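> Please see the structure below; I have some questions.
Bear in mind these aren't lab numbers, they're just calculated from the coordinates by the rules spelled out. Owing to the predicted nature of the structure, the values given are computational and were not obtained by experimental measurement. Please note: Cβ atoms are built from the backbone with ideal geometry, for glycine as well, and neighbour counts cover all protein chains shown.
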C-alpha cells in the first residue's frame, strides 16, 4: 500500500474505439483480476479517521467508510428570514436568504494542496491503493440570469476524487470510490470504498469492433456510439472474487444529446443483461385516487432505451419511499413512461398536472441532453422528447424535479446557458437536480438518493440530508469522478436574496415557500 503510485499507460487503440471502428485481432485476451481485499477493517478505518483529523467516521459491515459534517457539508451561507407563506398543501415554510458577503469571503483551499493533503493522509493510514490517481476539483456556486449573464462564480469547497486502473484499463463502479472534500476549516466529507486486486489469469474477449456493434444494438440506431474496455467494480456489499473486462458504451445523438453510459460483458460467450418484462399496458386511472400526505412519483426508460438497470434503480427509489411511509403516487417504466407526463397542459398540450407536477418530488431516469430528455424507442405520447421549452413545473405541486439523466444542467449548449434553457421551467418549482455531464446507468442511485433524504436519525448521526445534498451524495456514491452533479433554483435579489437553497424533504427539516421566478437563478455543481 506504500509503494510509489504508478500509472500504466496503454495504447489508445487497445482501450477505445469510436464509430469509425478500430478493432483488435479476433478474440484477444485481457487479464482477469482476483480480489485480494475488500474495504477497510476497523483498525484501518480508525487510522484513516486519525489521519484526516476527524472525531468520528462510519464503517459499514462490508468495509465502506463514510463521513459528512452535518453543518459544513456543501454549505452555502444563508440567513434565516422566518416563516414564509404555506405551500399549496398547507405545509409550513421557512424563508432563507443568501448571505452574499459571507459567500464571497469563502476561500477554498487550492486544488494541489488538497490533493497533497489527501495523498499524505491515505498513505499514512495505509489505505491508498497502488492503482489510484487523484483528481482535485472545486465545488462551485453560481448566480446567473435568464439572458446568460453570470453575476457570481464562487468556489465553496475542494474535493479530491480518485480514478483507478487495472493494467492501464479503467476500473469504475461503486467499489472503486475514494473521495475527500475540504472547506476552509478542514475535511467536510469522506468516501472510501475500494478493493485490492492481483492478476488471476486471462480471458478471451470480443474485440472493440464487436463491442461497437453491441453498443449500437443497446443504445439504439439514433446514437453514434463509442466503446472502451473497462473493469467494473460492484459495490462492496456485493460479494465478488474476481473482475473480468467489460465494454463501456457511450455516444452522442444528432442533436447533441448523450445516452447514459452502460457497461456490457466483453468476455467471449458471456451472458448479456436479460431484459426485464415490460409493465402491463398503462391503465389510465391506476393512480388517480390521491392519498393524503407527501407524495413522490417515478418514471424511467429502461430496456426499450438500452438501459438495463433502470427498472432496478426505480425500484430502489420506490422501496425507500415505501419504507419511510411516503406515498408513491405513480411509477411508469419503458412504454408506459410518457413525455406528456412532464409537459405543461396550458402551454404545450401535456398532462403534468396529473403526474410529474402532481407530487412533491418526481424522480426520472433515462437519456438526456442540455435541452431535454428522451423517450425514443419507448413511447411517443405526445412525442419522444421533453424539451426544456415545454417545461412549466411547480404551478401545480412539485417542489423537486430530480432528473437522473445526462447534461440537463450543462453550462452551455446551442448558444444558451443553463439559466436561459431551464429558467422558464420554474413556476413554483424549488429545484432541478441533475448533471452537467453524462451520467452512468445505475441500479441504485435512486435508492441512495431516497435513503439520504429520508433516513431516520439515530442518536447524533444518520440525520436526513438536504435534498440537494442527498442528490450530490447519491451521485458521489454511484458515479465516477468524471461525472459532475448539479442543482439549480430560483434567486430573488429584489427581496434580499431569497431562494430554496437549503430545502429538506417535507417532514425532515425546513422547506422554503414556492417562489415565482424573477429571472435570476443559482446553481451548485461538483465532481463525483
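> Please report the relative contact order for the chain, taking Cα pairs under 8 Å with a sequence separation of at least 6, and give it as a percent rounded to a whole number.
Details: 1362 pairs, mean separation 82.5, N = 528.
Once divided by the residue count of the chain, the mean separation gives 16 percent.
> Restricting to the chain, compute how many DSSP beta bridges are antiparallel as a %, nearest 5.
Details: 96 of 119 bridges.
Around 80 percent antiparallel, to the nearest 5.
> Going highest first, how would you order 402-410, 514-522 by mean Cβ packing within 10 Å?
On the way: 402-410: 26.3, 514-522: 19.7.
The packing order, highest mean first, is 402-410, 514-522.
> Looking at the square roots a ≥ b ≥ c of the eigenvalues of the Cα gyration tensor of the range 416-528, which shape do they give, rounded for a/c under 1.5, prolate if a/b is larger than b/c, or oblate? Please list the in-between numbers first.
Values: a/c = 2.44, a/b = 1.24, b/c = 1.97.
Oblate is the answer for the range 416-528, as a/c is 1.5 or above yet b/c matches or exceeds a/b.
> Take every Cα pair under 8 Å in the range 167-289 that's 6+ residues apart, average their separations, divide by the length, and report that relative contact order as a whole percent.
Details: 177 pairs, mean separation 27.3, N = 123.
Computed value for the range 167-289: 22 percent relative contact order.
> Is the shape of the range 283-399 best called rounded, prolate or oblate, per the rule: a/c under 1.5 gives rounded, else a/b larger than b/c gives prolate, else oblate, with a ≥ b ≥ c the square roots of the Cα gyration tensor eigenvalues?
Values: a/c = 1.72, a/b = 1.12, b/c = 1.54.
Judged from the Cα gyration tensor, the range 283-399 comes out oblate (a/c at least 1.5, b/c at or above a/b).
> Restricting everything to alpha-carbon atoms, can you work out Rg to Rh for the chain with a Kirkwood hydrodynamic radius?
Ratio of gyration radius to Kirkwood radius for the chain: 0.96.
> Could I have the simple spin-label model distance between residue 29 and residue 516, label points 7 Å from Cα toward Cβ, reported in nm to one decimal?
7.1 nm
> A further question follows. Mind running the shape call on the range 349-449? Use the C-alpha gyration tensor, a ≥ b ≥ c as the square roots of the eigenvalues: rounded below 1.5 for a/c, prolate if a/b tops b/c, oblate otherwise. The partial results should precede the final answer.
Details: a/c = 1.19, a/b = 1.07, b/c = 1.12.
Cα axes put the range 349-449 in the rounded bin.
> Rounded to the nearest 0.05, what FRET efficiency do residue 268 and residue 61 give with R0 = 35 Å and r taken as the Cβ-Cβ distance? Could you check?
Here the calculated transfer efficiency is 0.45.
> Which value at 222 nm does the chain reach when only helices count, each DSSP H run of 4 or more adding -39,500 (n - 2.57), with the total divided by all residues and rounded to the nearest 500 deg cm²/dmol? Provide the component values of the computation, followed by the final result.
Working: 10 runs with 91 residues, N = 528.
Roughly -5000 deg cm²/dmol at 222 nm, from the helical runs in the chain.
> Could you check the simple spin-label distance between residue 323 and residue 199, using points 7 Å along Cα→Cβ, in nm with one decimal?
Spacing of the two 7 Å Cα→Cβ label points: 4.1 nm.
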